[in-house]
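Asks: Before we start, here is the structure in question, set down as structure tokens.
Values quoted throughout were computed directly from the atomic coordinates according to the rules given, and no laboratory measurement underlies them. What you see is a predicted model; the values in this text were computed from it and never measured. Note that we place each Cβ from the backbone using ideal geometry, even for glycine, and neighbour counts take in every protein chain shown.
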Amino acid sequence: MVPVTAPTTTAVRTVSILGSTGSIGTQALKVIDEHPGRYEVLALSAGSNTALAAEQAVATRAPLVAMATGSAEEVREAIRGVAGREGLAPNAYAPDVVVGDEAAVTAAGVGADVVLNGITGSIGLRPTLAALRAGSVLALANKESLIVGGPLVKAAAGPDQIVPVDSEHSAIAQSLRGGRREEVRRLVVTASGGPFRGRSRRELVDVTPQEALAHPNYAMGRVVTTNSATLVNKGLEVIEAHLLFDLPFEKIDVVVHPQQWIHSMVEFHDGSTIAQMGPPRMLVPIALGLSWPERLPDVDEPCDWTVAQQWDFHPLDDDAFPAVRLAREVGAAGGTFPAVYNAANEVCVDAFHDGRIGFLDIVDTVARVVEAYADGGSVSTGVDAPGSTTAELSVEQVLQADTWARAAAAATIAGAGSPAL
């Protein structure tokens, strides 16, 4: 699914950015701003941050602005206000505005050369499919859409149409350029280990939400940062690697690398390993998502080899952090199981931050929901499963599984006790 080679071009690329006010979107706009003449923004899509979206719209002159919440008039008024402060004449910039649940789908389907999907969560599935069906190259940061709708997304994608933006998968795509696909022995996905690396399961019992959000290397949103602390994020990335690179799960390993300068590696059958390395930031993967297969100049600072430094590697502790092992089982089951895993986790993350469950309860509850789904629902959840089919999926089946998992997780949480140590 991931292009290894493709023709280069210096023509201006049109871009649609989904999740423009989030971490990925704001960094993408920074890359675009710092490389004038390379990109034209056709559409911006955001959630609820109307003020920032209006600033981005005026700065890029995007013809389409899409918001998930609010009203079209509120968005237009915010844009007029920013335009006025910038000294623009009235109506000098008046983009089309769409608001509502389908706004991101509209922005994804405008036919841009590249659609960067930086939305968080399974709500990114429909925009992902819209971008692919419009013939755009999909720069995919919204891993959840591929994970929950794997067969759907793969069926919709043409050759070389998806470029990964997750730093780990971008690293793998880059490293794969060093050899032929049939020469690959395994993929090695690196993990920081999160803020609780080295702790035993018992030592994680009293972890607070504030501690879980203290990621050692990245500043991310609440869900992604919590997922990094539980290693659910790494579990999702293992499933994503399986789908992107068409390798079986037994050929995808995870290693803990706290410094995160090596973003991931590819081991070839002659015993050599090629790694992609750089600062623990997202600028290079984002820029490559926009420019693949070209590299833009001066995107980030390279490693300073004149300074002594130490890079460490540790095996993953599956007892303290069982999320990756569970993800492998879910990914191998296929069908709608990944959607259940992802949706149940999102509910559990919210419950953890609301103080309704403990840190260990997050993955333990997800595991119980997945088990109940395999059994067709259970007394413990009180919710009948819609069917864990592994046949060809439809969007409706994926969304039904997502809805079921959220209800089942909520029901499980309502009666959950403390997890066993």
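Asks: Ranked highest first by the average count of other Cβ atoms within 10 Å around their residues, in what order do 86-95, 14-23 fall?
Replies: Values: 86-95: 11.9, 14-23: 25.8.
Taking the mean over residues of other Cβ atoms within 10 Å, the ranking is 14-23, 86-95.
Asks: Extension gain Glu301-Arg133, at 0.36 nm per residue separation less the Cα-Cα distance, in nm? Can you show the working numbers first?
Replies: Values: separation 168, 0.36 × 168 = 60.48 nm, distance 3.61 nm.
The span from Glu301 to Arg133 would gain 56.9 nm if fully extended.
Asks: Looking at the range 84-148, which trypsin sites (Lys or Arg not before Pro) are DSSP coil and have at most 14 other C-beta atoms within 10 Å of their C-beta?
Replies: none
Asks: Then there's this: Which entries in Lys30/Lys154; Lys30/Lys143; Lys30/Lys251 show an alpha-carbon gap greater than 25 Å?
Replies: Those over the limit are Lys30/Lys154; Lys30/Lys251.
Asks: Pull up all non-local amide H partners of Val207: gap of 5 or more, or a different chain, and H-to-H distance under 5 Å with H placed in the peptide plane.
Replies: Phe359
Asks: If I model a spin label as a point 7 Å beyond the Cα along the Cα-Cβ vector, how far apart are those points for Arg201 and Lys30 in nm?
Replies: Here the modelled spin labels are 3.9 nm apart.
Asks: Using the Cα centre as the reference, give the magnitude of the dipole from point charges on the C-beta atoms of the range 13-165 (Lys, Arg: +1; Asp, Glu: -1; all else neutral), rounded to the nearest 20 debye.
Replies: Its charge dipole is roughly 280 debye.
Asks: Report the full-extension gain for the segment Asp270 to Ala155: residue separation times 0.36 nm, less the Cα-Cα distance, to one decimal in nm.
Replies: Value of the extension gain: 38.1 nm.
Asks: Order these peptides, 332-340, 29-37, by their mean beta-carbon neighbour count within 10 angstrom, highest first.
Replies: 332-340, 29-37
Asks: So what is the calculated 222 nm ellipticity per residue for the chain, using -39500 (n - 2.57) for each DSSP H run with n of 4 or more, over all residues, to the nearest 500 deg cm²/dmol?
Replies: -12500 deg cm²/dmol
Asks: Also: Full extension from Arg61 to Ala374: what is 0.36 nm times the residue separation minus their Cα-Cα distance, to one decimal in nm?
Replies: Here the answer is 107.8 nm.
Asks: Also, I was wondering about something else. Looking at the square roots a ≥ b ≥ c of the eigenvalues of the Cα gyration tensor of the range 13-165, which shape do they give, rounded for a/c under 1.5, prolate if a/b is larger than b/c, or oblate?
Replies: It is prolate, given that a/c is not under 1.5 and a/b is the larger ratio.
Asks: Could the peptides 258-267, 354-363, 401-410 be put in order, highest first, of the mean number of other beta-carbon atoms found within 10 Å of their residues? Don't jump to the answer; show the numbers that get you there.
Replies: Numbers: 258-267: 21.5, 354-363: 19.1, 401-410: 23.9.
The peptides rank, most packed first, as 401-410, 258-267, 354-363.
Asks: Tell me, what is a quarter of the convex hull surface for the C-alpha atoms of the chain, in nm² with one decimal?
Replies: 21.1
Asks: Non-local amide H neighbours of Ala46 (under 5 Å, H modeled in plane, Pro and chain starts lacking H): which ones?
Replies: Hits under the 5 Å cutoff: Gly19, Ser20, Ala66, Met67, Ala68.
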